[in-house]
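I have placed the structure first, in the form of structure tokens, so that the comments after it can refer back to it.
The values are calculated or read from the model by the stated rules, or taken from the named source; none is laboratory data. Note that this is a predicted model, so its numbers are computed, not measured. Cβ placement follows ideal geometry from the backbone for every residue including glycine, while neighbour counts extend to all protein chains displayed. Just so you know, the surface numbers come from the protein's heavy atoms only, side chains and all, with ligands and any DNA or RNA stripped out. Shrake-Rupley method; radii C 1.70, N 1.55, O 1.52, S 1.80 Å.
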Amino acid sequence: MPIRPNDQIIHKAAWLYYVHGLRQDEVAKKLHISRASIAMYLRRAREMGIVTITTSTELFSDDVLARELEDATGLTAVWIVPDNRQGIEAAAEMPAVAASVFLGLANKGDRIGVAWGRTVYRIADVMPFADLQGVTVVRLCGNLGAPYSYRPDQCTTEIARRLNAAGMNLYAPLVLSSERLADELRAEPVIREQLAAISDCELALYSVGGIEKDSHLVKCGALSAEEMHALGEAGAAGVIAGQLIDADGNWMDCAYNRRCIAADHDSIRGIRKRMLVVQEDSKFEPLAAALKGGFASHLIITSSMARRILERWKQRGLSPASATKRTDPARTAR
């Protein structure tokens, strides 16, 4: 079974203390909690038996993988959902784990950014009801056509409803027919203020999209299968908040992206807690690109995907610093 979100802090404290050899005060500083709390967590770790790797259960073996992935990529926290257990499907378990983690990261008074897609909608669908006073849920990108399932406004509205929070939908199309129209719409005071407010978010929730012929952008009519294929040939590797990124996680300077009404990628990267949830094996390359681009601080993935990402980082000698991206020059110029 995956680590319960409430127990993860115990595992992280034990990992830093016993494996990395940090002192208790150093662990406390790294996790932003008191030294007394660290002492309590280490005692709980001994009681739970997670500090003896040779006798620990599958729970801790998955946690070791999570800690190794954090060390390799520089991510703040990783949660692993096992995908090799008989009778339990990761696809069914992932949304519940993600919803629990999300609620643990959200605080009263936060502004929370939410993207769109099947993964986010499934998280919203299983999210327990909570009363987070003063929370505002804002959308990270424009809307899609009515026939398409998992629209951005549906994700935002449902999560706001579950949190008893205010919802702020971005009432603009995801993509316009011309760059001129997109520039003019972004200049409208209401749209400009909504997009600017995204940088004030404390938490963001999204997944990363693929560039295959049946991807979200193709299904909703934003791009044709032929256009998506051509963009893939030109270097597109994934989709973040409705916009294409390349294999290094850079915003692609292409006609499609210039026609999008969505959060500036630098604004998204500036959000302190960026929660990325990925469960499909087909999204390995988009996920690798998103991690290189600095689009995640908190990651929830399957155990098989975690091993693949860890192996990629080791094979290519990628450092933790590669998980933090600087400003994209092309994006800034636009």
Read through the list (1) touching a Phe, Trp or Tyr at 6+ places or on another chain (Cβ under 7 Å); (2) more than 22 Å from Cys155 (Cβ to Cβ), then give the number of the only condition that Ser303 fails. (1)
Take the range 241-253 and flag every residue that is in a loop (DSSP other than H, G, I, E, B) and crowded, with 19+ Cβ neighbours inside 10 Å. Ala241, Gly242, Gly249, Asn250, Met252
All conditions in (1) part of a helix (DSSP H, G or I); (2) farther than 21 Å from Lys12 by Cβ; (3) touching a helix residue (DSSP H, G or I) at 6+ places or on another chain (Cβ under 6 Å) are true of Ser304 except (3)
Report, by residue number, each residue of the range 192-240 that is within 18 Å of Ile271 (Cα to Cα), touching an Asp or Glu at 6+ places or on another chain (Cβ under 8 Å) and open to solvent by less than 20 Å² (accessible area, probe 1.4 Å). Ile198, Cys201, Leu203
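Could you list, in sequence order, the residues of the range 159-171 that are open to solvent by less than 50 Å² (accessible area, probe 1.4 Å) and modelled with pLDDT under 90?
Step one: filter the range 159-171 for residues open to solvent by less than 50 Å² (accessible area, probe 1.4 Å), giving 159-160, 162-163, 165, 169-170.
Result: Asn169, Leu170.
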With respect to Asp266, determine if the residue is under 27 Å from Val190 (Cβ atoms), of a type in the set (Asp, Glu) and in a helix (DSSP H, G or I). yes
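Where in the range 113-209 are there helices (runs of 4 or more DSSP H), lying wholly inside it, with at least 1 residues that are touching a residue at least 12 places away in the same chain (Cβ under 8 Å) and over 21 Å from Leu103 (Cβ atoms)? I'd like the intermediate steps shown before the answer.
On the way: elements: 118-126, 152-163, 179-187, 189-197.
Ranges flagged: 152-163, 179-187, 189-197.
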Condition first: modelled with pLDDT of 85 or more and part of a strand (DSSP E or B). Can you find one or more residues in the range 11-32 that meet it? no
Pairs, please: C-beta under 7 Å, at least 6 apart or cross-chain, first residue closer than 15 Å to Asp63 by Cβ and touching a residue at least 24 places away in the same chain (Cβ under 8 Å) and in the range 18-31, second of a type in the set (A, V, I, L, M) and surrounded by 13 or more Cβ atoms within 10 Å (Cβ to Cβ)? Tyr18/Val51
